[in-house]
1. What residues have an amide H closer than 5 Å to that of B:Gly18, excluding those fewer than 5 places away on the same chain, when H is modeled at 1.01 Å from N in the peptide plane?
2. At a Förster radius of 45 Å, what calculated FRET efficiency corresponds to the Cβ-Cβ distance of B:Glu183 and A:Asp230, to the nearest 0.05?
3. What FRET efficiency comes out for the pair A:Asp221/B:Ser151, r = Cβ-Cβ distance, R0 = 30 Å, nearest 0.05?
4. Count the net charge of all other residues whose Cβ sits under 13 Å from the Cβ of A:Arg241, scoring Lys and Arg as +1 and Asp and Glu as -1.
5. Is the shape of the range A:97-150 best called rounded, prolate or oblate, per the rule: a/c under 1.5 gives rounded, else a/b larger than b/c gives prolate, else oblate, with a ≥ b ≥ c the square roots of the Cα gyration tensor eigenvalues?
6. Please give, to one decimal in nm, the separation of the simple spin-label points placed at B:Arg163 and B:Ala13, each 7 Å out from Cα toward the Cβ.
7. Sorting A:His113, B:His30 on the 10 Å Cβ count, fewest up front, what's the list?
8. From the phi angles alone, apply the Karplus equation (6.51, -1.76, 1.60; θ = phi - 60°) to the range A:216-227 and give each ³J(HN,Hα) in whole Hz, x where the residue is Gly or Pro.
Amino acid sequence: MSLDGELRALGASMEWPEAPNLAAAVGASVGAMPPHQRRLSRRRPLVAVALAVLVAVAAALAVPQARTAILRALGIGSVHIELVDELPPLAPRSDLSLLGLPLTLAEARERFHGTLLVPDPGALGAPDEIRVLDEPQQVSYVWLEPPGVRLLVSVISGRIVGAGFVKAIGPETAIEELSIDGRRALWITGQAHGFGLAGAGGTAGFEELRLAGNTLLVDDDGTTIRVEGDLSLGRAIRVVRALR
Amino acid sequence: MVSRPPDERELVARAKRGDAAAYEDLVRAHQVIAFRVALVTGAGVGDAEEAVQDAFVKAYRALGRFRETSPFRPWLLAIVANEARNRRRAAGRREALVDRAAQLLPSGGAAPSPEAAILARERRDALLAGISRLRDPDREILGCRFLLELSEEETASALGVRRGTVKSRTARALERLRAELGEDAR
C-alpha cells in the first residue's frame, strides 16, 4: 500500500469523537440576526466600520478572559488584531491624508520618537511619499502605482495605551505566526482587511486606505513594521530586511 | 464521508434571506466534517465544539459575501480552521495532531473496524510516531488530505493556501514523513 493509502486507512480507523449536534444552538444564535442582503450604506461606510470595530472591541472587553487571550495572542507591537465578522465591501482608496502629513525624511526623523527605520533606496527605490501621523506615532512610506498604492510600509512606534490600531479581519482571512530573523511576525493573507484607529474617548476614525493584498507585521523590539501590498511572503520579508 | 444535501444552494439562499431553519439544515449537513477539521487544524477536543459553533455563527453573519455558485463546504471549512487555529494560538498550545489522533484510535481491546484491520497496529504506531515528528504545517496538510480525505480545494480553503501549494506541500510532507520512517521514496 502506498504511504498516502496507509494514511487514509489510518484516518478511517480513527474513532473520531462524536460531533455535537449544534444545529439548535446555532439556529438560536442566528435566529435573531437580520437577513444578509442589506449592504452597508455607501454614504456612511466610515461610521459603519468604526462601529464594527468598537463593537468588536467592546465585545472583547466584555467576554471572559479566555476570549481576550485571543487578542493578546494575536497582538503584535502596537498593532492589535481584532477579529470581526463583517468587513465592508473592499474599496481601496488613495486618500493618503489618512496616513498623516506628507513630510520629508528629515522631518519624519525629527518627529519620530526613537530611531526611525528607513527603506534602503537601493533595494526598494525611493518611496513616492513619506507620511507621518503623530498619534499614534507612525511613519508611512508609500510607493504609488496610479491610481492606487503599490506598496505601503509603516513604522509604528512603541506600544500605544488607550488608542491604537485595530486590524479588522473577516472570517476568510488566514493569520500565520512566523519568526523573521528572530523577530515575531504575523503574515495575514486571504480576504482584504481594513485597519483603523479606535479612540479611547469613544470616538473612532477608520483608516480607509487599505490595499487588496497581504500584510506582514513584524515586532521589531517595540517598533512595529507593517508591510502591505499585493506581494508574496518572500517579497514582504525582503522589504522588511531592506529597512535600515 | 459526510453527505451533502442535494439542495444546498437553495438552503444557502434561504439562509441569506434570514431563514434560520434553513441554516440549521446546513449546520446538520456539515457539522461532522467541521468538527474533525477543527481537531486536525489545532483545536483540542475540548475546544473543537466551541470553535465549530462560533464558526457557524460567523459564517452565517458572512453569508452576504458568499457566492451561491460556489460550493459551501470549502468556504465553511476555511472559517472553521481559522477558528481552530486562533484557539490553538490563544491557548499557546502545541499539542501535536498525533497526540490527538492517538486518543482517537481504537483501544487494543476493541474490535478493529475493517479499515483498521488493514493496517497492522505496529505500522499504525510507526506512522503516528513519524507524523508526530513533522512540523505543524506538514501534519495539518496530511491530516486534511488523507486522514479526513478532504479534496485539494477543501484543503486549500481550510489551510488558506492555493491549490498548487496544497499539491507541493502534500508531496513535501509525504517525503518528510518517509524520511522520518526511514524509508526511501517509492
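1. A:His36
2. E(calc), rounded to 0.05, equals 0.65.
3. 0.10
4. +1
5. It is oblate, given that a/c is not under 1.5 and a/b is not larger than b/c.
6. Here the answer is 2.6 nm between the modelled labels.
7. Taking fewest neighbouring Cβ atoms as first place, the list is A:His113, B:His30.
8. My calculation for the range A:216-227 gives 10, 10, 10, 8, 9, 6, x, 9, 9, 9, 10, 10 Hz in order.
The numbers here are math on the coordinates, done by the rules we state, and not lab data. What you see is a predicted model; the values in this text were computed from it and never measured. Here Cβ is always computed from backbone atoms with ideal geometry, including for glycine, and neighbour counts include all displayed protein chains.
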